[in-house]
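None of the figures in this text is laboratory data; all of them are computed from the coordinates on show. Please read all numbers here as calculations on a predicted model, not as lab measurements. Note that we place each Cβ from the backbone using ideal geometry, even for glycine, and neighbour counts take in every protein chain shown.
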Amino acid sequence: MTGRELILHDLGEAEAGAYLPAPGPGLTLFPALPRVRHCLGCFGCWVRTPGRCVINDRGADFAPLMARHDRLTIVSRLVFGGLSGPVKAIVDRSIGFILPFFDDRGGRMFHRRRYPASPGLRYFFHGPRFGSNLETAGRLAQANRLNFMAGSCEVAHFPDLAGLGEALAGPRAAPGGPGGALEGGRGLMASGGFSITGGLG
């Protein structure tokens, strides 16, 4: 893999040590635990401290970190078709990554870029899945891709952490490249550099 990768995860210390790659040059790990405070919805990251959350805890570091990496991998337990609480708190606090102003893109309104480029996105969900909750998570990821103006987005599900660890440790495409199916997965959705993979059936 080339480029710089940021991994946001909700694994405990022992699990992270066992299944996540070791941080080093080009790889930053950002644990969602212990939990950070939730977004206040005050828009201070737009008007008071542009690009940075006004809450003075480590959650305020995340949006600026996104701007310094080429790919963001979000590792989260799959909860009701979305992110786990600790991970969602971090992602919600990253709204300062974009500007409060709007552009019309293809007849839809989106926020403008704050930074020249956005990291490619990968959502790696783990734990049990029920019914259509993975597809729901895929729609959430696609919406985030559009809001963050990421060039690509891949969503995958791993029933166990061993499979997650193998995917994170194995050969990966360069950040920003198109998403693709992972070993043992089956493509669920693919359009515009976006794909969902995961064992179905």
| request: For every other residue with a beta carbon closer than 13 angstrom to the beta carbon of Gly82, add +1 if it is Lys or Arg and -1 if Asp or Glu, then tell me the sum. | output: +1
| query | Tally Lys and Arg at +1 and Asp and Glu at -1 over the other residues with C-beta under 14 Å from the C-beta of Arg37: what net charge comes out? | reply | +1
| If you stretched the chain out fully between Asp61 and Leu99, how much longer would it get, using 0.36 nm times the residue separation minus the C-alpha to C-alpha distance? | 12.0 nm
| note | Applied in sequence order to the range 107-115, the curve 6.51 cos²θ - 1.76 cosθ + 1.60 (Karplus, θ = phi - 60°) yields integer Hz couplings, x standing for Gly and Pro, of x, 10, 8, 9, 5, 7, 5, 9, 10
| request: Please go through the range 1-108 and write out the GluC sites (Glu not before Pro) that DSSP classes as loop and that have at most 16 other C-beta atoms within 10 Å. | output: none
